[in-house]
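Before any comments, here is the structure.
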Amino acid sequence: MNKTTEENKEQKRKLLIIILIIGIVVCLAVTMWALFFRNTKDPGLAPDYAPGQTEPNATPVEDDGSKLDVPEGGGGISIEYVSSVDIDLSDNKATFQYTHPAKSTQNIILQIVVKDTVIAQSGLITPGNRLTELTLLDGAAGKLSAGTYTDAQFKILSYDPQSGEKAMVDTVAQITVTVQE
Amino acid sequence: MKCRHTDRFTDGRCSTCGYVCTHETIGSGGKCTVCGKQIFDPTAISVDITWEEMSFTFAPGRETWDHENHIQGREPDTWVWDGETDGRTAPVITVTNKSFQAVTAKLAFTGSEGITGQFSRTSLELAAATVTDTPAETVRFRITGGTIDKKQSLGSITVTIGTVSPEGDNKKDTEGEA
């Protein structure tokens, strides 16, 4: 009788240990996923302060150096673009023509938005630079299919070059995005 | 240096080699009437957007007391533009079209935490620019409601630039295949 009770206790103890080990393994797996595998990028939200990293694909354009006539405390941007954007899903890139002229007084971040989803985002672009190519964000290619999207925009987020603070005024330009596989 | 790139000129300068066309006579479609080069890309959109200082001060309405009827009241809250000058009480946003095609500009304000704002106009139409004329329109903006108790962002203004189709209709969004 006593022997049977002891065996039952031992079995319960073993079961408890197994459950605890499984629990610890699950916790470790969740922690590992959160630390190393979770996609922490959230480019759809405009940062309140400009990122420190400038856009590596931006190339300088020659300019006479004049600036927009902006009242003290205000701001101004000049936008120059061609409203057609091509996306090649095979190389995961968007190609386009966008110039951020030197006369602008703000730094910018350029986003390409298709049907309210940000599919590509630049680093910080200072005035006097042109951008013609962006790599699509992780997972963006899977949301697109071959064809033409007319519900698409360049979203131009403006940042004060001194404070890095986001300006109150943003600009959106309607574009057409053509996707090919 | 002679530029041979005929299709990549912006503001009179070749975007490939930097050559500047010094001829001042520009004909239709942005072509130089002397050398025939494409000085402006006629399909490119070029728009300037400037804005005055966008900071406002909130003043909560003072408590009042109606001595005759013994009722406590409160004056309305007020929002004052910090850049008030020359009697103007609202900042101006200016949109200038430098493209060889007409554009539209739509303005919208997204307030944070109950802040509301109002434009004097929310939709602008700007004719195509010419060599001698760059059409510009202005809009005034003011904060109309909401309260704050610390320095904070009041929201964001979005200026949406669109093109106008030859028929005169604004570019329309149509369905894609997401």
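Please treat every number below as a calculation from the coordinates, not as lab data. Predicted model only: the values in this text are computed from it and were never measured. All Cβ positions, glycine included, derive from the backbone under ideal geometry; neighbour counts span all protein chains shown.
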Requested in this report: With springs connecting C-alpha atoms under 10 Å apart, model chain A as a Gaussian network and identify which of A:108, A:79, A:22 has the largest mean-square fluctuation.
Outcome: A:22
Report task. Please report A:168, A:32 as a ranked list, fewest other C-beta atoms within 10 angstrom at the top and most at the bottom. Result -> A:32, A:168
Requested in this report: Would you compute the Debye intensity of the stretch A:72-175 from its alpha-carbon atoms alone, equal scatterers and no solvent, and pass along log10 I(q)/I(0) at q = 0.14, 0.17 Å⁻¹ to two decimals?
Outcome: -0.53, -0.75
Report task. Grab the alpha carbons of chain A, take their convex hull, and tell me the volume per residue in Å³. Result -> 177
Query - For residues of A:77-88, the mean tally of beta carbons on other chains within 10 Å - result: 4
Report task. Pull up all non-local amide H partners of residue B:115: gap of 5 or more, or a different chain, and H-to-H distance under 5 Å with H placed in the peptide plane. Result -> none
Report task. For the stretch A:72-181, calculate the relative contact order in percent as a whole number, restricting contacts to Cα pairs under 8 Å that are 6 or more residues apart. Result -> 30
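Please compute the Kirkwood hydrodynamic radius over the stretch B:91-130, one decimal place, Å, based on all pairs of different Cα atoms. Display every interim value, and only then the final one.
Values: mean 1/r = 0.0840 Å⁻¹.
This gives a value of 11.9 Å.
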**Report entry** Options B:154, B:123, B:138, ranked by Cα towards positive dipole end of the stretch B:113-159, top entry (Cβ charges)
**Finding:** B:154
Report task. Among A:167, A:32, A:74, flag the residue with its Cα farthest along the positive direction of the charge dipole of chain A, charges on Cβ as +1 for Lys/Arg and -1 for Asp/Glu. Result -> A:32
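Rg/Rh for the stretch B:42-91 to two decimals, with Rh computed the Kirkwood way over all alpha-carbon pairs. Numbers along the way, then the final one.
Numbers: Rg = 20.4 Å, Rh = 14.7 Å.
Rg/Rh for the stretch B:42-91 comes to 1.38.
Just counting partner chain Cβ atoms within 10 Å, what average do the residues of peptide B:52-58 show around their Cβ? Let's see the in-between values first.
Values: counts 7, 7, 6, 2, 1, 0, 0.
So the per-residue partner count for this stretch is 3.
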Report summary line: Ordering B:65-77, B:134-146 by per-residue average of other C-beta atoms within 10 angstrom, highest first, gives B:134-146, B:65-77
Query raised in the report: If you keep only loop residues by DSSP, which trypsin sites (Lys or Arg not before Pro) in the stretch A:51-122 have at most 15 other Cβ atoms within 10 Å of their Cβ?
Result: A:67
